[in-house]
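Here is the structure we will look at, set down as structure tokens.
The values are calculated or read from the model by the stated rules, or taken from the named source; none is laboratory data. As the structure is a prediction and not an experimental result, all values here were calculated from the model. Note that each Cβ is placed from the backbone with ideal geometry, even for glycine, and that neighbours are counted across all protein chains shown. Heavy atoms of the whole protein, side chains included, go into the accessibility calculation; ligands, DNA and RNA do not. Shrake-Rupley method; radii C 1.70, N 1.55, O 1.52, S 1.80 Å.
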Amino acid sequence: MRVVIDTNIVISALISSHGSPARIIDLIVLGRLTPVFDDRIMAEYREVLARPKFNFQAQDINALLDLFEAEGESIVALPLDAEDLPDSDDAPFLEVAITASCPLVTGNTKHFPKKEIGKLIKETSTQIMTPAELFRHEADFRKEEED
């Protein structure tokens, strides 16, 4: 299953290896999730994860981003008129999710309010999901593949 992963999920996965965001990384390792990204998203991951306030080790950052690049799918996203987003820095994530017609997983759904983005995602199978919603969706997706 292909997914776009918001930066807050990646940060949380590195902070705690026991939380839901870390389980998302486990699903990538197992080949059950494929991260979808573009150059802007990878640049944001690198910039944010390197911030001193997180104190992440360079080898941990590099290992995680190497995993994304090796197991993921890099695309060129179509630009959107995302002026309705509360934070314009979130536009690349939504653009990639819509272009790839796949879910966007975030720990902060307030950054992607349904009222404002509904018209943008209406024509695609894009959904904005929390990690818990992703796990339910992924389990259903796996069950359909088995049937």
Whole-number percent relative contact order across the range 10-61, with pairs defined as alpha carbons under 8 Å at least 6 apart: 25
Fluctuation leader among PHE37, PHE56, PHE112 - the chain, Gaussian network, Cα springs under 10 angstrom: PHE56
Ranked by how many other beta carbons lie within 10 Å on average, peptides 95-101, 73-79, 24-30 from highest: 95-101, 24-30, 73-79
Length gained when the stretch GLU133-SER101 is fully extended (0.36 nm per residue, less Cα-Cα span): 9.8 nm
Note, ³J(HN,Hα) from phi for the range 60-75, Karplus 6.51, -1.76, 1.60, rounded to Hz, x at Gly and Pro: 5, 4, 4, 5, 5, 6, 4, 4, 4, 5, 6, 9, x, 10, 8, 10
Linear extension gain, LYS53 paired with ASP87, 0.36 nm per residue minus alpha-carbon span: 10.1 nm
Percent of Cα pairs exceeding the 23 Å cut-off, where the set is the chain: 31
Whole-number percent relative contact order across the chain, with pairs defined as alpha carbons under 8 Å at least 6 apart: 27
Charge context of GLU95, other residues only, Cβ under 10 angstrom, K/R +1, D/E -1: -1
Per residue accessible area in Å² of the chain, where ligands, DNA and RNA are left out and the probe is 1.4 Å: 55
Under 5 Å, built H, 5+ apart or other chain: amide partners of VAL105: VAL4, ILE5, ASP6, MET129
Extension reserve of the THR124-ASN108 stretch, reckoned as 0.36 nm per residue once the Cα distance is removed: 3.7 nm
The range 31-97 - percent of accessible surface contributed by carbon and sulfur, probe 1.4 Å: 47
Whole-Hz ³J(HN,Hα) from phi, Karplus 6.51 cos²θ - 1.76 cosθ + 1.60, for the range 92-98, glycine and proline x: x, 5, 5, 4, 5, 4, 5
